[in-house]
Structure formats: C-alpha cells, structure tokens
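Some notes on the structure that comes next.
The values are calculated or read from the model by the stated rules, or taken from the named source; none is laboratory data. On a predicted model such as this, the values are computed, not experimentally measured, just so you know. When we count neighbours, we look across all protein chains shown, and the Cβ atoms used for this are built from the backbone with ideal geometry, even at glycine. Keep in mind that these areas ignore ligands, DNA and RNA; they rest on the heavy atoms of the full protein, side chains included. Shrake-Rupley method; radii C 1.70, N 1.55, O 1.52, S 1.80 Å.
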Amino acid sequence: MSNQPENFRKVTVHYENQPVELTLRPIRPSDAPALQVHHSRLSSDSVFYRFHGFKKELSEQEARTMSTLDGQSQAAVVAVRLNVESGEPQLDEIEGIARYYLIEPGVAEMAIVVRDAYQGFGLGQYLLEELILIARRNNIDFLEALVLADNWHMRHLLQNLDYVLTSKMAGPVVSVRIHINEPVTISAS
C-alpha cells in the first residue's frame, strides 16, 4: 500500500481546440490495467523515447510493479481523463504519467510519458510539477532524467524548468540532473 497522500489536482489542457479537464493524482495499485491500456495507446516513437527501446506491451507483472509504489523511494503521478457523466476518473483513461525511483540518497531517476494525442499541450509540465512536489516532501534534492538526444520534446520541457540543471552527453543519451530545491533566480540590475 502506498504512503502517498491522496492529493488531486484538476488541470485543463487544450486538445483539438477544445478544453479537456484532467485530474492529476498519485498512482494506485488498481491502476495496473489502465497502465497496460495507456501503454498500448502510445506510438512506437513514444515507447522508444520512454524505454530507450521498443516494448510492445506491459505485462501484468510489469504494470503491477509500476503501479504499486511506496510513495517515498518510488512515486508516480497519473493524469486521468474525467468521465463526462459522473465527473470521476475513469480507470482506463490514463493520458500521462510521471514517476521517479530513488537511485541513491537524495537522488531519484525520473521519467515522463504522455499519450501522443496530448503531447505539446502542457500535460508533461503539469505532471513534472506534481512529481517535484512529491519528491521534495520525500527529501529528494535531485531528479535525474536519462533522455535520448533526439527527444526534443523532453529536452525542451527540462530546459525550460525554473531550476538549476546540469547535463552531460553519454553516447545517444543526455543525462539531465535537476536541483529541485534550487530555483533559478534572476536578479534585477
């Protein structure tokens, strides 16, 4: 069972010139089937950029592992589409997910994947903001992302953060470290 607080945040993104309301919330073990559906809806490019290789599907075990987190050393936030009739999140409508897992004290590796139809509308930014809040509550100082060099969407998202970043290239991968407790400050001259 997760120790993550059950926080919900509603956000609106524009999709096909229409506002779409999504709910950001911590992942739950019951989301495992929805993760499998989400993965099946990703393009091969999105899967390749997220996993640095091709992964046709998520097995039940992988989905269960990815959705059963302790909320401290490993955490994830999902963006779910609201059911029009009830206003409740639908189990099978995950549109994006951001996650981290601790790799050493104070440092966690992170990843984000947004369903292709919602890419470029700010959903990745919302997910990352929520992930940073959770990481801070759990005494994490740095989030590290391993990004394929030609993944311009993710690189752009990270480069536009208001935090101190360091990055280094290692073959086809850029390692970006975000100091989430050190915002960039602009001093007036």
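Here the sum of -39500 (n - 2.57) over DSSP H runs of 4 or more residues, divided by the residues of the chain, equals -7500 deg cm²/dmol at 222 nm, to the nearest 500.
Rolled with a 1.4 Å probe across the full set of protein chains, the surface gives His156 an accessible area near 110 Å². Residue separation of Phe54 and Leu133 scaled by 0.36 nm, minus their Cα-Cα distance, works out to 25.4 nm of gained length. With viscosity 1.306 mPa s and temperature 10 °C, the Kirkwood radius over alpha carbon pairs of the range 128-186 converts through Stokes-Einstein to a diffusion coefficient of 133 µm²/s. Every Cα-Cα pair in the chain was counted, and those over 22 Å apart are 46% of them. At an R0 of 35 angstrom, the distance between the Cβ atoms of Thr166 and Arg41 translates into a FRET efficiency of 0.55.
May I ask you to list the aspartates and glutamates whose Cα is less than 13 Å away from that of Lys168, ignoring any residue fewer than eight positions away on the same chain? In chain and number order, the partners are Glu144. Shown are Tyr101, Tyr163, Tyr118, Tyr49, whose ranking by accessible area with a 1.4 Å probe and every protein chain present, most to least, is Tyr101, Tyr49, Tyr163, Tyr118.
Among the helices of the chain, those built from whole DSSP H runs whose Cα atoms reach 18 Å or more along their own axis and whose mean Kyte-Doolittle hydropathy is at least 0.0 are 123-137.
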